[in-house]
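Heads up, the thing below is written out as structure tokens.
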């Protein structure tokens with residue numbers, strides 16, 4: 001084999017090895033990113049009718065359908081159905097639709113599925129928010145309204161109460177605090193109790209049980225406040241849910 005052929009083969013082998021290494025590096029990076037990413041889906045139930053949702057509900061277990069139909073108001077049935085359909089579609093996308101049968105509720109009614117990711121659901125007004133990831137996570141969404149907020153004083157940390165009281169827009173400030181606190185309480189599994197006032201959720205990082213919990217505000221709709229709390233400081237991928245199967 002002459003010198004030129006040897007050199008050409010050597011260059012080809014080097015380029016091939018470089019491309020393989022680059023591809024492997026990209027795959028590793030993608031895997032790390034995918035693993036550390038929280039996915040947040042949201043949907044406005046005003047954009048669909050109950051009959052369409054009831055048709056799609058046939059994908060869900062009978063006991064889950066029966067539970068949802070117990071709600072008296074159409075708006076509540078729609079919110080509950082969409083949250084469960086979000087979960088089902090994610091499971092379906094992973095090739096594990098059968099796991100919807102394993103839906104259970106644990107401490108403080110936090111839903112979970114054994115041997116799957118951590119997930120959480122919240123709804124208010126006409127909006128539903130669903131998030132999931134590899135680590136403990138909680139989400140809360142609230143429609144901004146002029147309801148009486150004084151009934152929640154007992155659940156607020158003194159710093160949170162002062163933040164609201166000193167604000168020129170107390171209603172807006174209340175919801176800023178409330179979605180942060182609810183997301184934290186849901187992520188940790190603490191739930192809303194008499195001890196909720198012990199935790200100041202104004203900082204972006206809150207310490208509980210010797211762990212650091214990261215709180216992030218999410219912008220979905222100007223009429224709503226939304227927040228996600230997770231065990232790790234993960235990126236959040238936000239996407240509007242598409243109601244189709």
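The values are calculated or read from the model by the stated rules, or taken from the named source; none is laboratory data. Quick caveat, the model's predicted, so the values are computed rather than measured. Backbone-built Cβ (ideal geometry, glycine too); neighbour counts: all protein chains shown.
A quick yes/no check of all residues on (1) in contact with a strand residue (DSSP E or B) (Cβ under 8 Å, 6 or more places away or on another chain); (2) touching a residue at least 60 places away in the same chain (Cβ under 8 Å); (3) in a strand (DSSP E or B):
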| site | (1), (2), (3) |
| --- | --- |
| 148 | no, no, no |
| 167 | no, no, no |
| 173 | no, no, no |
| 179 | yes, no, no |
| 190 | yes, yes, no |
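Tallying residues that are part of a helix (DSSP H, G or I) and either touching a strand residue (DSSP E or B) at 6+ places or on another chain (Cβ under 8 Å) or buried (at least 19 other Cβ atoms within 10 Å of the Cβ) (or both) within the range 57-83 yields 10. Scan the range 15-29 and tell me whether some residue there is surrounded by 12 or more Cβ atoms within 10 Å (Cβ to Cβ) and either over 30 Å from residue 112 (Cβ atoms) or at pLDDT below 95 (or both). No: the range 15-29 contains no residue that is surrounded by 12 or more Cβ atoms within 10 Å (Cβ to Cβ) and either over 30 Å from residue 112 (Cβ atoms) or at pLDDT below 95 (or both).
Total residues in the range 207-231 satisfying the condition of being part of a loop (DSSP other than H, G, I, E, B) and either surrounded by fewer than 11 Cβ atoms within 10 Å (Cβ to Cβ) or out of contact with any strand residue (DSSP E or B) (no Cβ under 7 Å at 6 or more places or on another chain) (or both): the figure is 4.
Mind checking which residues of the range 106-146 are over 12 Å from the mean Cα position of the chain (by Cα) and under 19 Å from residue 76 (Cα atoms)? Can you show your working first?
First, pick out the residues of the range 106-146 that are over 12 Å from the mean Cα position of the chain (by Cα): 106-116, 124-127, 142-146.
Once the filter is applied, which keeps residues that are over 12 Å from the mean Cα position of the chain (by Cα) and under 19 Å from residue 76 (Cα atoms), the range 106-146 yields 109, 110, 111, 124, 125, 126, 127, 142, 143, 144, 145.
Mind checking whether some residue in the range 168-184 is touching a helix residue (DSSP H, G or I) at 6+ places or on another chain (Cβ under 7 Å), farther than 22 Å from residue 238 by Cα and crowded, with 17+ Cβ neighbours inside 10 Å? The answer is yes, given that some residue of the range 168-184 is touching a helix residue (DSSP H, G or I) at 6+ places or on another chain (Cβ under 7 Å), farther than 22 Å from residue 238 by Cα and crowded, with 17+ Cβ neighbours inside 10 Å. You will find that of 37, 86, the residue that is touching a strand residue (DSSP E or B) at 6+ places or on another chain (Cβ under 9 Å), at pLDDT below 95, closer than 22 Å to residue 218 by Cα and surrounded by 11 or more Cβ atoms within 10 Å (Cβ to Cβ) is 37 and no other.
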